1. About its Cα centre, how strong a charge dipole does the chain have in debye, to the nearest 20, once Lys and Arg get +1 and Asp and Glu get -1 at the Cβ?
2. Across every pair of different alpha-carbon atoms, what Kirkwood hydrodynamic radius in Å does the chain reach?
3. What length, rounded to one decimal in nm, is gained on full extension from Glu41 through to Gln93, with 0.36 nm per residue of separation minus their alpha-carbon distance?
4. How many percent of the accessible area of the chain is carbon or sulfur, using a 1.4 Å probe?
5. Packing-wise, with mean Cβ within 10 Å as the measure, how do 65-78, 43-56 rank, highest first?
6. For Asp19 and Gln66 in the same chain, what is the full-extension length gain: residue separation times 0.36 nm, less their Cα-Cα distance, in nm?
7. Report the one residue of Gln93, Phe25, Ala56 whose Cα lies farthest in the direction of the positive end of the charge dipole of the chain (charges on C-beta: Lys and Arg +1, Asp and Glu -1; origin at the Cα centre).
8. Can you tally the net charge around Leu101? Count Lys and Arg as +1, Asp and Glu as -1, for every other residue whose Cβ sits under 13 Å from the Cβ of Leu101.
Amino acid sequence: MEPRVADNPGRSRFEVFDDDELAGFAEYHRYRDEIAFIHTEIDPRFEGRGLGGVLARAALDAAREQGLGVLPFCPFIRGWIGRHPEYTDLVPQGQRARFGL
């Protein structure tokens, strides 16, 4: 079964599931037209399967679809954007230097 990512707005996080088991999450804070990613965590039992990347891509794609600017305070999300420059445009131009992007 393919990993599945779902937004859980009640808990302010995107969650990644592997075979319907929660494998990790990316916490966020939404304010107006921006979403700040604060913390990402993958359960150690699921590490090494690429689920962090699946989670980051889905969360950032959702932000793009909703027209949200991304503030990557989370080092994992920030690093992922750095390795995938096609997502840099999600970070507002005036904030990119702050995040080293």
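1. 520 debye
2. On the way: mean 1/r = 0.0738 Å⁻¹.
With all distinct Cα pairs of the chain included, I get 13.5 Å.
3. 16.0 nm is the gain from fully extending Glu41 to Gln93.
4. Carbon with sulfur: 48 percent of the solvent-accessible area.
5. Put in order of decreasing packing, that is 65-78, 43-56.
6. On the way: separation 47, 0.36 × 47 = 16.92 nm, distance 2.72 nm.
The Asp19-Gln66 span can extend by a further 14.2 nm.
7. Gln93
8. Working: positive: Arg78, Arg83, Arg96, Arg98; negative: Glu86, Asp89.
Charge balance in the 13 Å sphere: +2.
The values are calculated or read from the model by the stated rules, or taken from the named source; none is laboratory data. Just so you know, these numbers come straight off a predicted model, no measurement behind them. Here the Cβ is made from the backbone with ideal geometry for all residues, glycine too, and neighbour counts use every protein chain on show. Side chains are part of the model used for accessible areas, which takes the heavy atoms of the whole protein and leaves out ligands, DNA and RNA. Shrake-Rupley method; radii C 1.70, N 1.55, O 1.52, S 1.80 Å.
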